[in-house]
């Protein structure tokens, strides 16, 4: 059972004031340190109307209030709501996507950076946030089965000059794994040169930014292999220089990996030219591997229906970083163990299921089958930080499902 919550006239008045200032439902609940859903149901329509968007007509009085809890995962992976309809009766109800009016707003809010307050750090006995500068060595990387496979695939591409695209949503940890690869190469003493062209303003076309062309990639390779080299202006001479440099370096025992981040912004022509970089050889020995780090748009561009890039699609292994989902509790245990804090010191038993349920995104106008998990590290970090801040304000010893539902 959830904690009883006392709704006072002062709380109601403060809620109305915050709504008039333009705060959303969930922002009001967070500001007050309470769970919007739970309190709304516990207090009935009088409290619900305090949270109505400005200008909306109040709801009609409800016949009864019900407390909504989080259901465990069903066999098909979907989440169902648990409704408490009596003191000892709990029933399962199918989740209704249309019942949540703020799906788009919630998804955007959860991507926004959220820091732990000093009050929360003191409340949970943390010297600093476990989510800020939290990955400084390979040991700090949480290794889910998906992450372990990506790490192995990246190292294989570096050692054997493969062609791989690591795809994942924003906040899935793609850049962290690219950095982790470089650290592991250094720690192992391997003779692998990682070449990373600058992509600071890279876009698919020059209308939005600057395109990364194959000539720029050639310049990046030449600069990495011989910083003092004066690159030829003629394309023919420039690529001949690059080929010669790669041959000499390979004969000296080095291997080379071209690593391009934000690769979903690569223009189509450059994507096609990557195959030609792969075909630079010394006899039968390939001289260069390619690793692309990208958001899911690249996976779509390399789809089987896109004949323009079929040569790349046929050679590139696409590896996708999966959401944490079943590994969520292990991820949080790993994070807090770095501070000698147990999972149970911060989270109640129902918290992990509540986080998974909260991090299901439904596209606007989508059907139940369109729901997808956004349970990625960065999003989890933001949600957990919000929840810990709220728990600290309310002086609750743990983050539980009720706190998560209000964040």
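The values are calculated or read from the model by the stated rules, or taken from the named source; none is laboratory data. Predicted model, so just to flag it, every value in this text is computed and none were measured. Neighbour counts run over all protein chains shown; Cβ positions are idealised from the backbone, glycine included.
Quick notes on this structure:
- When the stretch 311-325 is limited to residues that are part of a helix (DSSP H, G or I) and in contact (Cβ under 8 Å) with a residue 40 or more places away in the chain, the one that is surrounded by the most Cβ atoms within 10 Å (Cβ to Cβ) turns out to be 312.
- Answer residue from the stretch 189-219, given it is under 16 Å from residue 271 (Cβ atoms) and over 29 Å from the mean Cα position of the chain (by Cα) and is surrounded by the most Cβ atoms within 10 Å (Cβ to Cβ) among those: 218
- Taking the criterion of being more than 20 Å from residue 192 (Cα to Cα), modelled with pLDDT of 95 or more and in a loop (DSSP other than H, G, I, E, B), the only residue of the stretch 284-310 that qualifies is 295.
- Qualifying residue in the stretch 238-256 (condition: in contact with a strand residue (DSSP E or B) (Cβ under 6 Å, 6 or more places away or on another chain), within 23 Å of residue 278 (Cβ to Cβ) and part of a helix (DSSP H, G or I)): yes
- Residue 332 over 30 Å from residue 387 (Cα atoms), touching a strand residue (DSSP E or B) at 6+ places or on another chain (Cβ under 9 Å) and in contact (Cβ under 8 Å) with a residue 12 or more places away in the chain: no
- So residue 222, is it under 27 Å from residue 298 (Cβ atoms), without any contact (Cβ under 8 Å) to a residue 24 or more places away in the chain and surrounded by 14 or more Cβ atoms within 10 Å (Cβ to Cβ): yes
- Matching residues in the stretch 173-203 - criterion: being more than 30 Å from residue 380 (Cα to Cα) and touching a residue at least 40 places away in the same chain (Cβ under 8 Å): 190, 191, 192, 193, 194, 195, 197
- Where a residue in the stretch 380-396 is in contact (Cβ under 8 Å) with a residue 12 or more places away in the chain and on the phi > 0 side of the Ramachandran plot and its partner, wherever it lies, is surrounded by fewer than 20 Cβ atoms within 10 Å (Cβ to Cβ) and in a helix (DSSP H, G or I), with Cβ under 7 Å and at least six apart: none
- Of everything in the stretch 222-237 that is in a helix (DSSP H, G or I) and in contact with a helix residue (DSSP H, G or I) (Cβ under 7 Å, 6 or more places away or on another chain), the residue that is nearest to residue 198 (Cα to Cα) is 222.
- Residues of the stretch 257-283 satisfying the condition of being assigned to a loop (DSSP other than H, G, I, E, B) and under 17 Å from residue 166 (Cα atoms): 261, 262, 266
- The stretch 369-407, subset more than 16 Å from residue 346 (Cβ to Cβ) and touching a helix residue (DSSP H, G or I) at 6+ places or on another chain (Cβ under 6 Å), residue surrounded by the fewest Cβ atoms within 10 Å (Cβ to Cβ): 373
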